[in-house]
1. Can you divide the C-alpha Rg of region 248-457 by 2.2 N^0.38 Å and report the result to two decimal places?
2. On a 0 to 90° scale, report how tilted helix 118-127 is relative to the longest principal axis of the chain, with both axes built from alpha carbons and the result rounded to the nearest 10.
3. Grab the beta carbon distance between K311 and K484, set R0 = 60 Å, and tell me the FRET efficiency rounded to 0.05.
4. Tell me, what is the per residue accessible area of region 248-457 in Å², probe radius 1.4 Å?
5. Give me the extension gain from D529 to E204: residue separation times 0.36 nm, minus the current Cα-Cα distance, reported in nm with one decimal.
6. Given the Cα-Cα distance of Q293 and T12 and 0.36 nm per residue of separation, how much length would full extension add, in nm?
7. Based on a Kirkwood Rh over C-alpha pairs, give the Stokes-Einstein translational diffusion coefficient of region 351-427 at 37 °C and viscosity 0.692 mPa s in µm²/s.
8. For region 95-203, what's the radius of gyration and Dmax over Cα atoms, in angstrom?
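The values are calculated or read from the model by the stated rules, or taken from the named source; none is laboratory data. Keep in mind that what you see is a predicted model, and the values were worked out from it rather than measured. Note that each Cβ is placed from the backbone with ideal geometry, even for glycine, and that neighbours are counted across all protein chains shown. SASA here: full protein model, heavy atoms, side chains in, ligands and nucleic acids out. Shrake-Rupley method; radii C 1.70, N 1.55, O 1.52, S 1.80 Å.
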Amino acid sequence: MPAFYVLFFKETNTFYYESINNFAQSLYKKDANWNAQPSHVLRFSKPFNESAIEEIFHLTLKKGKFQRTINEKVIAQSITVNTGDKILIDTDFNVADDGEIRKLIEGIGLEIINEGKWKDLIFVHKKASGNVASTSKYNLVLGIANYYNGNLIDALSFFRTSTNLKSELTEDLRNHLLFFDTTVKYSIGLISYEEYDRKMQQLETADNVGLYIKLEKAKRKYIESLNINSTDRYENFVSDINAIITDPKANDSIKLNAKCELILFEGYKNNMEYVKGVSMINALEESIGPNIQLRVDSAKRFISANETWFKNVQQLKEDAINTKNYFAYYIALINEVKINYEFEVYTANVFIVQDIPEFPKPEIPDKEPFFESMLEKISKAVSYFYHIGHIENTVAALSTKYEILHYLNRIEEAEKGLSDLESIIESYDLTEQKKKLEILKNNGATHQHFKVWMDKIFSESDAKKREYDEMRSEMIKMDEKESKVKEKSTTKNLHIHLFPIGHFQFPVEQKELVYEILNISMEARKTFDEMFKMVIPVANIYYNPISQEGYVDGKLADTGIEVWRNIFRVRKSFYENKFYRYEPSF
């Protein structure tokens, strides 16, 4: 974190300050072994005033956010390294000499980190003499372990030694060394953000590290695309993830990371497809009555998708256990519980409304065992991440546990969990988590904000129905007024069928105005010009703009209130310009 020296100059009664990080960075650029020098000179020039306090605050906030983000990122990074041969040892890590300790840490050290036991590595290292850290890989592993343990200066020292011997490392391990060394240097202020970012971009093309960076990009791109009306965004996301999983350079760890992300977003998508499917059935059955086949087809699609998802989750957890990637296993466990809890919330609030007497609704099974299973799984995830010191995942797991307990109306247990959550967040001063906690406490649980969302949808639906009824009433009045007009259909006018509201006529000289009102594309106007010479052309005014003549999907083009606003706009413009509607006589 940022640190500062403050100097009080008595003669002018003024405080001055300078950044320790910037000072260390300038010394490092001049001489990498600057800390071997007994003393250094620092000149103070910046007055310590309100603007300085503001600058220090924002700098500290920025570094704090970065540190939490990078902790999440680098823990996943550490498990993507190819670890080589395995060595069997007892559970107490009993070893005889420096050679065995070196062999142990080089052989399975990265796997031990994968299991969240970096403190054990540091403990074993301290049992050896000062001669043990003699290889690049040994120093890399100890550097990573010390980074996770918060010993950044020690980590930097190990990385420096590893860098001096980096010719011993494979290209994959050199990339990891560059990643961690760069991260630590930026974290303690030895390099600028620009230099940090430049080196991260260099690593994007690397084997395992690069694949992890691509994974983060794929996830970020998909989340950002949720605000864009794109029908293929999920397919693109799956394609990006599968490209990582099937990459020849991908090892088991990066594959597991990618699959963890995939099951989460696949589950979210399946759950939302359920909501959309049931809502569509209710909307259609409101006008056509109960439809058994529609319900059966929808149920088959959902059951098939959900069974596939469940198999993928079980396979992912099995693969994580077999490879001792417990970090991935518990992430998968959290994601599984999140999706199952969300689905229970959705099914409790969204269901088929109309009953069919000859097909009574099935009896709802006792859900208590299922929820107890979810709570047991999430409790195990809490214990694991708390044990290894991954605070943000601990908070995420505790938050999910609180939501489930609150949903079950086990308020006393939920409040205790919330208290534990608050205590952890307060202890580690997690600013972003504090904001999320406040949202969670103020009706922010999934079941609470989903109900708010559903209430909003129903409210908007009622408002749109009223708007639709008003537009329809206005168009009926226009029809009634036009029916009293003596002017009849004549061949001197051009005739057009505005689907779905009927046939209209207008003077030939007003054709361009009609094209503008209907927003017909320039290319389509050529077709309409030819059609006017032979038959009555059709313009589907569900569309805006109109790019071709004809019915073009017919009523399937009705996508809701927006298209009816366009239909009303067209109808009103025709009425105001005296382009009257008429009943054709065929």
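1. With N residues counted in region 248-457, Rg over 2.2 N^0.38 Å equals 1.15.
2. Approximately 10 degrees, to the nearest 10.
3. 0.35
4. Counting only protein heavy atoms, the per-residue value for region 248-457 is 54 Å².
5. 111.5 nm
6. Length difference between fully extended and current span is 92.4 nm.
7. So the translational diffusion coefficient is about 227 µm²/s.
8. 13.7, 46
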